[in-house]
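Participant: Take this structure first; my questions come after.
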Amino acid sequence: MENALESDDGALSANESLGRRLRELRTQSGLSLRALARSLDISPSAVSQIETGVMVPSVNRLIAIVTALGVPLSAAFEAPGADSSASTAPADTLGDRLAGLADDPVERDGYVISRAGRTPNMNLESGVVYRRLSPGPVPGLEIFESTYPAGSTGSAHGDLIRHDGFEIGSITSGTLTITFEGEDVTLSAGDSITFPATRPHRLSNRSGEPCVAVWVIVHA
């Protein structure tokens, strides 16, 4: 596991920020640390280390956490102190969807824009990096870019993950292997795939080059 790095100016490191955000989401859900640990089948100490930024979760572990908390993955990208209702509550109008956004992304007349280099990356176990591509909340839809370094995987222990919704993935560069129960599917640049996220799966890069992919998660 990767350890959180201390910043010289006292600001939260990326790992600490993610951990604090996950702790806030857990508190908002009313779930105790021990109850969350039981649902994840890990020790309370492991949950505590994730929430303090000492331990970096894998992709699969992060998805399992937000699933247990009943929030979308995008909720974990918000800064500590953010209102998770903007990511989870249904919205009937564009104005509702734009309400409560931070200074970046920036709301303009009827649209939201996020400039290059201002969207924070989420660095996970094995060096996997996730970046949220949707500047503002869109009901029932999440869009991410993932970068899997050579030899990286979504689960250090080889576990398969399942969650609600459908996944649509498109490979921008490199190759990525999606492992289902009893089957491996390898995708190369230009390939795309759709599957129900309730089907157990794991992502890994078995090549010697990094892989970049774009993912759309559709919540039913």
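The values are calculated or read from the model by the stated rules, or taken from the named source; none is laboratory data. In this text, all values refer to a predicted model and were calculated from it rather than measured experimentally. Neighbour counts are summed over all protein chains in view; Cβ atoms, including those assigned to glycine, are modelled from backbone coordinates with ideal geometry.
Participant: Restricting to region 198-219, name every residue that is surrounded by 14 or more Cβ atoms within 10 Å (Cβ to Cβ) and among the β-branched types (Val, Ile, Thr).
Facilitator: If the condition is that a residue be surrounded by 14 or more Cβ atoms within 10 Å (Cβ to Cβ) and among the β-branched types (Val, Ile, Thr), then 212, 214, 216, 217, 218 are the ones that fit.
Participant: Within region 126-147, identify whether any single residue is surrounded by 14 or more Cβ atoms within 10 Å (Cβ to Cβ), out of contact with any Pro (no Cβ under 7 Å at 6 or more places or on another chain), small (Gly, Ala, Ser) and at pLDDT 95 or above, and answer yes or no.
Facilitator: Yes: region 126-147 contains one or more residues that are surrounded by 14 or more Cβ atoms within 10 Å (Cβ to Cβ), out of contact with any Pro (no Cβ under 7 Å at 6 or more places or on another chain), small (Gly, Ala, Ser) and at pLDDT 95 or above.
Participant: State the number of residues belonging to region 177-203 that are small (Gly, Ala, Ser) and more than 17 Å from residue 162 (Cβ to Cβ).
Facilitator: Count: 4.
Participant: Inside region 162-198, can you point out the residues that are in contact with a Leu (Cβ under 9 Å, 6 or more places away or on another chain) and closer than 23 Å to residue 40 by Cβ?
Facilitator: 163, 178, 179, 180, 181, listed by residue number.
Participant: Further question on the same structure: Within the bounds of region 91-110, is there any residue that is under 22 Å from residue 145 (Cα atoms), of a type outside the set (Ser, Thr, Tyr), at pLDDT 70 or above and within 18 Å of the chain's Cα centre (by Cα)?
Facilitator: No: zero hits.
Participant: Same structure again: Pairs only if they're at least six apart or on different chains, beta carbon under 6 angstrom, first in region 152-181 and farther than 19 Å from residue 66 by Cβ, second among the acidic types (Asp, Glu) and in a strand (DSSP E or B); list them, first residue then second.
Facilitator: Correct list of pairs: 177/184.
Participant: Let me ask you something else. Could you check residue 109 against (1) among the charged types (D, E, K, R); (2) more than 23 Å from residue 75 (Cβ to Cβ); (3) in contact with a Phe, Trp or Tyr (Cβ under 6 Å, 6 or more places away or on another chain) and say which number it fails?
Facilitator: All conditions are met except number (3).
Participant: Could you check how many residues of region 152-197 are surrounded by 13 or more Cβ atoms within 10 Å (Cβ to Cβ) and either in a loop (DSSP other than H, G, I, E, B) or of a type in the set (Asp, Glu) (or both)?
Facilitator: Total satisfying the criteria: 15.
Participant: On to the next question. Can you pull out the residues in region 44-64 that are in contact with a helix residue (DSSP H, G or I) (Cβ under 6 Å, 6 or more places away or on another chain) and on the phi < 0 side of the Ramachandran plot?
Facilitator: 44, 47, 50, 51, 52, 55, 56, 57, 58, 64
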